[in-house]
Amino acid sequence: QVCTPTGWVLQVNVVRPGSSPANPLTACSDLAIVSGSNVGNGYYYIAAPGYPTARLFCAAAPPFTPHSLGGDGTTPASAGLSCRTIMDLFAQNTSRAYYIKTADGPVRTYCDMDRNGGGWTLLVTSATNAWTAAMVPLRAGPGYNSNDFISLDFSILQYGNDIKAEPFVSGQRMLVRMEATTFGQWGGIWSARRRYSFSSQYNTQTDFIIQQQFSSYTYPSDQGIEARMPYTASGSRGLLTTSLLADTEWWGSIISSTSQYSPAPWIYVSNAEPGIIWYWMKEGPATGLNDYSDYGTENAPAPSCTAIALNLPGAVNGAYFIAQGNVTYKKYCIISGSSGREMCGDGSSALNPALSCRVIMEKFGVTMPPQAVYWLRPNNTGTVFQTICDMATAGGGWTLLSTTATNAGWNNVNVLLRNPDAPSTSADFSVLTYADAIKNADAFNNNTVMQFRLDANAFGSWGGVWTVPSAYTFVKTGALQALNAPTILWNGWSYSDSGIEAWMPWLNTGVCSGTTTYALLTTSASPCTMWYGTLMVKYVSGANNWAPSPWINTAMVNPGVIWYWLREGPARY
């Protein structure tokens, strides 16, 4: 008993749970039911079921739900969150293999505690080209017995997201390191957004800033390392790569399955076949600032755009991952205070259509492949349809309206919609009927101008790009819409009644008497007589030798294929 001004008080010495090996907790989560000033962020002894007692760091003070950041990494029971926490929280400064904790159990990897400030977690060692796409996320894991992590093929890439997503870790950015042949050579250190995913299949993670370059080589370069966080391109020859075009220009690849390079095509000329490549990560310090959320990323998709607005601090308009049932989609969310709504999807499927090809490029960062099929639904209402997006020609973001490959079968009806289930740049196709709906969508109604493009024989030839008022229509049938000089001109042609005329393509729905073939979709003001500059012909009977339509007299009479494209103004959100 202790004498106090108010009387005698029985003093009880309380032993903090987990404060000694003799008084362990079974998990850091046990601290949720312990109250008192002695409970907070710090070191506790934990005897997890099936493991011996180990000293771990528990994040237990509000706002954190009590959980473990792991231990010193020397045993499976003391597996650490990462090499950085093993170094910073437990003063382990020797470079060697340590255990890190994962959702699948303790996993060993190599920790570099010496170079570039130490605390680097090895995610990948690429030593051969004997890889498959299935091996890229995990080529090791629980029970991996090799002690050689730095000279044999190895990957724990799928656990990188768990490390950087730990809420006790601070900062909005993280570091990655790539090097080849020898430590500290042919690579560098980059800063990347912490929200970026190590297992992303998107080539759009381009806020990737080099902090230190190892060796002398051209950076960035499509013949070497590009300014893009490595992503997994499972259907390409560059399985883990920085390349925009992972199957054609695939330099800057960490992992490859082709026998042409050992282990992967790295930096052209300077170090094309480096022999070995390493990929490391280093998250921010474990200081508990609680300044980051993984919400809305591939690692932690949200249920809706509204949920993003309500639950992600500082949320702004942007692309987020939204889970609907068992499927996760990438959608563009418009955020206004505590409310959020979906503008569109990324066009990757009929269930996740985009507004236009320009939106896919600019809002979702999709720039490859150069031409590919996507799903669109203008203004998020009406019919979902497929077309081809050109992300390469004349600045990219072009929506294909029509392909004219033959002179057969075109009429007043299918000029607007032909073969909509089979988009093609080499066969007859039209979705012209949807063009006005695209450019008139709410997201673009602040624009006063739009662009269309005509090319013939090959992309970027015998045509050009025109900038016209947004009020112009793609289905005009009379009172022709005048054109100024092309914004971009290919092959030096001039407006002429023997070629492309100064009128936006229009629909000739009438009948030309006394002739068997005449212009259907054309720039010509005389569709029955001088009808060069025609995209599609209406064939009635008799001989029809146009291939596919009369285009530019003498210089390119029969171009073989003619394409018609739309690029509306930028989205206002």
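Quick check on my filter: what residues within segment 160-177 are aliphatic (A, V, I, L, M) and either in a loop (DSSP other than H, G, I, E, B) or open to solvent by 20 Å² or more (accessible area, probe 1.4 Å) (or both)?
The answer is A165, V169, L175.
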Fill in the blank from the handout: Taking segment 527-542 and the residues there that are among the aliphatic types (A, V, I, L, M) and either open to solvent by 50 Å² or more (accessible area, probe 1.4 Å) or more than 17 Å from T404 (Cβ to Cβ) (or both), the one that is modelled with the highest pLDDT would be M530
Exercise for the section: Being among the aliphatic types (A, V, I, L, M) and either out of contact with any Lys or Arg (no Cβ under 7 Å at 6 or more places or on another chain) or on the phi > 0 side of the Ramachandran plot (or both) is the filter here, so list the residues in segment 58-96 that pass it. Expected result: A59, A60, A61, L69, A77, I86, M87, L89, A91
Exercise for the section: Give segment 467-491 a look and list any residue that's β-branched (V, I, T) and loosely packed, with under 13 Cβ neighbours inside 10 Å, or say none. Expected result: T477
Exercise for the section: Please tell me if I210 is of a type outside the set (D, E, K, R), part of a strand (DSSP E or B) and surrounded by 22 or more Cβ atoms within 10 Å (Cβ to Cβ). Expected result: no
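So that you can scan it fast, the table gives a plain yes or no per residue for (1) touching a helix residue (DSSP H, G or I) at 6+ places or on another chain (Cβ under 8 Å); (2) over 15 Å from E166 (Cα atoms):
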{"site": "P24", "(1), (2)": "no, yes"}
{"site": "N41", "(1), (2)": "no, no"}
{"site": "Y44", "(1), (2)": "yes, yes"}
{"site": "L56", "(1), (2)": "yes, yes"}
{"site": "N93", "(1), (2)": "yes, yes"}
Exercise for the section: Within segment 155-184, track down each residue that is more than 24 Å from the chain's Cα centre (by Cα) and at positive phi. Expected result: T181, G184
Handout entry: Residues located in segment 264-277, provided they are polar (S, T, N, Q) and in a loop (DSSP other than H, G, I, E, B)
Key = S270
Handout entry: Residues that are open to solvent by 10 Å² or more (accessible area, probe 1.4 Å), among the hydrophobic types (A, V, I, L, M, F, W, C) and either in a helix (DSSP H, G or I) or modelled with pLDDT under 95 (or both), drawn from segment 55-96
Key = A60, A61, F64, M87, L89, F90
Fill in the blank from the handout: Per the filter on segment 238-260, residues within 17 Å of V136 (Cα to Cα) and of a type in the set (S, T, Y) are T241, T242, S243, S253, S256, S257, T258, S259
Problem - Positions within segment 178-195 being without any contact (Cβ under 8 Å) to a residue 60 or more places away in the chain, part of a loop (DSSP other than H, G, I, E, B) and surrounded by 17 or more Cβ atoms within 10 Å (Cβ to Cβ), in sequence order - result: none
Practice task
Take the residues in segment 501-526 that are within 23 Å of N411 (Cβ to Cβ) and aliphatic (A, V, I, L, M), then tell me which one is most open to solvent (accessible area, probe 1.4 Å).
Solution key: V511
Problem - Checking D148 against (1) among the charged types (D, E, K, R); (2) open to solvent by 50 Å² or more (accessible area, probe 1.4 Å); (3) more than 30 Å from Q260 (Cα to Cα), the condition it does not meet - result: (3)
Practice task
Could you list all residues from segment 97-131 that are of a type in the set (G, A, S) and in a strand (DSSP E or B)?
Solution key: A97, S126
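Please pick out the residue among A97, A61 that is among the aliphatic types (A, V, I, L, M) and within 24 Å of A300 (Cβ to Cβ).
Matching residue, one of A97, A61: A61.
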Completion exercise
Residue pairs within 6 Å by beta carbon, gap of at least six or interchain, first lying in segment 543-562 and open to solvent by 30 Å² or more (accessible area, probe 1.4 Å), second in a strand (DSSP E or B), listed first then second, are N544/T517; W546/V537
Practice task
Tell me, please, whether a residue that is farther than 22 Å from V176 by Cβ and in contact with a strand residue (DSSP E or B) (Cβ under 8 Å, 6 or more places away or on another chain) can be found in segment 108-126.
Solution key: no
Practice task
Mind listing just one residue for me: the one in segment 392-412 that is at pLDDT below 95, within 14 Å of L521 (Cα to Cα) and among the hydrophobic types (A, V, I, L, M, F, W, C) and, of those, surrounded by the fewest Cβ atoms within 10 Å (Cβ to Cβ)?
Solution key: A408
Exercise for the section: Could you list, in sequence order, all residues of segment 290-322 that are within 18 Å of Y196 (Cβ to Cβ) and of a type in the set (G, A, S)? Expected result: S293, G296, A300, A302, G314, A315, G318, A319
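Sort out which residues of segment 223-244 are open to solvent by 50 Å² or more (accessible area, probe 1.4 Å), out of contact with any Phe, Trp or Tyr (no Cβ under 7 Å at 6 or more places or on another chain) and either at pLDDT 90 or above or β-branched (V, I, T) (or both), and write them in order of number.
Once the filter is applied, which keeps residues that are open to solvent by 50 Å² or more (accessible area, probe 1.4 Å), out of contact with any Phe, Trp or Tyr (no Cβ under 7 Å at 6 or more places or on another chain) and either at pLDDT 90 or above or β-branched (V, I, T) (or both), segment 223-244 yields nothing.
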Handout entry: Filtered residue count, segment 127-141, keeping only those that are β-branched (V, I, T) and touching a strand residue (DSSP E or B) at 6+ places or on another chain (Cβ under 7 Å)
Key = 1
Problem - Condition met for R453 (basic (K, R), open to solvent by less than 10 Å² (accessible area, probe 1.4 Å) and modelled with pLDDT of 95 or more) - result: yes
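The values are calculated or read from the model by the stated rules, or taken from the named source; none is laboratory data. All values derive from a computational prediction rather than experimental measurement. We place every Cβ from the backbone using ideal geometry, glycine too, and count neighbours over all the protein chains shown. In case anyone asks, the SASA skips ligands and DNA or RNA and just uses the protein heavy atoms, side chains included. Shrake-Rupley method; radii C 1.70, N 1.55, O 1.52, S 1.80 Å.
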